[in-house]
């Protein structure tokens, strides 16, 4: 697949990262910095360990072991009071532009992931039409916390995450992330779950 940076005619220098969702592996090179780390996405995975059982119940940690937590088409669902009913699945496949954020209101220092066109729907060889994943576009690479991930990427080692933040911040060009090896449900299996 052609890199969206070049497909859109942007001629800046580009760095490439890759997140293999099945292997839970984030790798690549930004400037002179090489990255190869375990990272989690979806289903509450990536939450801080050693938390109280009340938080485990509140944030549905048990959903991290369910197959649906591995699907890019599994949306985050909350009740009218903001309590989780279902945790969001893995980050949808495709390319994302990485933007350094110094002070996010929830995550602090992080990297915002902005969807390129090929990440807005899943192009599957098993479906004649793109599969709308209905996940929105509010994804980040952030540190672990009590909630874990609803699709964001959470590196296992915080020092590596901070090193990645610094590399993206300092890089003079575009940093593009490719998300691959993601599971999803076909439209017939979704039964109207996604608008």
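Return the residues of the range 19-30 that are in contact (Cβ under 8 Å) with a residue 12 or more places away in the chain and surrounded by fewer than 16 Cβ atoms within 10 Å (Cβ to Cβ); say none if nothing qualifies.
Hits for the range 19-30 are 20, 22, 23, 25, 29.
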Leading residue by the ranking (farthest from residue 161 (Cα to Cα)) among those in the range 106-128 that are free of Cβ contacts under 8 Å to residues at least 40 places away in the same chain and more than 18 Å from the chain's Cα centre (by Cα): 128
Evaluation of residue 82 against (1) modelled with pLDDT under 90; (2) in a loop (DSSP other than H, G, I, E, B) (one fails), failing number: (1)
Options 62, 79, 138: the member that is without any contact (Cβ under 8 Å) to a residue 60 or more places away in the chain and within 13 Å of the chain's Cα centre (by Cα): 138
Unique match (being out of contact with any helix residue (DSSP H, G or I) (no Cβ under 6 Å at 6 or more places or on another chain), within 19 Å of residue 17 (Cα to Cα) and in a loop (DSSP other than H, G, I, E, B)) among 112, 172: 172
Any hit, the range 28-47, residues being over 26 Å from residue 174 (Cα atoms) and out of contact with any helix residue (DSSP H, G or I) (no Cβ under 8 Å at 6 or more places or on another chain): yes
Subset tally (residues that are in contact with a helix residue (DSSP H, G or I) (Cβ under 8 Å, 6 or more places away or on another chain) and outside any loop (DSSP other than H, G, I, E, B)) for the range 115-138: 3
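Within the bounds of the range 56-75, is there any residue that is under 25 Å from residue 178 (Cβ atoms), at pLDDT below 95 and surrounded by fewer than 18 Cβ atoms within 10 Å (Cβ to Cβ)?
yes
The rows are residues; the columns are (1) within 11 Å of residue 30 (Cβ to Cβ); (2) buried (at least 24 other Cβ atoms within 10 Å of the Cβ).
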position: 147; (1), (2): no, no
position: 152; (1), (2): no, yes
position: 163; (1), (2): yes, no
position: 173; (1), (2): yes, no
position: 177; (1), (2): yes, yes
position: 181; (1), (2): no, no
position: 187; (1), (2): no, no
Filter result (surrounded by fewer than 14 Cβ atoms within 10 Å (Cβ to Cβ) and part of a strand (DSSP E or B)) within the range 85-109: 85, 102, 103, 104, 108
Top-ranked residue in the range 31-51 [being modelled with pLDDT of 95 or more and surrounded by 23 or more Cβ atoms within 10 Å (Cβ to Cβ); ranked as farthest from residue 139 (Cα to Cα)]: 39
Those residues of the range 26-50 which are outside any loop (DSSP other than H, G, I, E, B), in contact with a strand residue (DSSP E or B) (Cβ under 6 Å, 6 or more places away or on another chain) and under 27 Å from residue 65 (Cα atoms), in sequence order: 26, 27, 35, 36, 37, 39, 40, 41
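The values are calculated or read from the model by the stated rules, or taken from the named source; none is laboratory data. Quantities reported herein were computed from a predicted structural model and do not represent experimental measurements. Cβ coordinates were reconstructed from backbone atoms using ideal geometry, including for glycine residues, and neighbour counts include every protein chain displayed.
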